[in-house]
Amino acid sequence: MPKGQKIIDITAFRQTLNSIADNKNIFFFDFSESMVDKKYFYNVLHLNAYGASVYSKMFSDKLLQTIATH
């Protein structure tokens, strides 16, 4: 493992983010498991144009659904 990098427990990390969002009464949308296919990415961290389009659609759909139900 390269120096300075740490392994994190992603499940615990997501639970922490959800807990913070709940405590602050804000919405937290986690799409991390929806965008796992390499076809969406330019590199390891950045979406390509297709991935950005797919993500934007998923985000807007989720936001509109949330607004409609709250």
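Over the chain, how many pairs of lysines fall under 25 Å by alpha carbon, counting only those 8 or more apart in sequence or from different chains?
Working: Lys6/Lys38; Lys24/Lys62; Lys38/Lys57; Lys38/Lys62; Lys39/Lys57; Lys39/Lys62.
Close lysine pairs under the 25 Å cut-off: 6.
Sum up the charges of everything whose Cβ sits under 15 Å from the Cβ of Leu17, counting Lys and Arg as +1 and Asp and Glu as -1, but leave Leu17 out. Walk me through the numbers on the way to the answer.
On the way: positive: Arg14, Lys24; negative: Asp9, Asp22, Asp30, Glu33.
Counting the neighbours of Leu17, the net charge comes to -2.
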task = Return the long-range amide H neighbours of Leu47 (sequence gap of 5 or more, or a different chain), with a cut-off of under 5 Å between placed amide H atoms.
result = Tyr42
key: Inter-centroid distance (Cα atoms) of region 52-67 relative to region 4-41, Å   = 16 Å
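For region 10-69, report the % of Cα-Cα distances exceeding 18 Å. Walk me through the intermediate numbers first.
Working: 845 of 1770 pairs.
The calculated P(r) of region 10-69 puts 48 percent of pairs beyond 18 Å.
Only the coordinates and a few stated rules stand behind these numbers; no lab work does. These numbers were taken from a predicted model, which means no experiment stands behind them. Note that each Cβ is placed from the backbone with ideal geometry, even for glycine, and that neighbours are counted across all protein chains shown.
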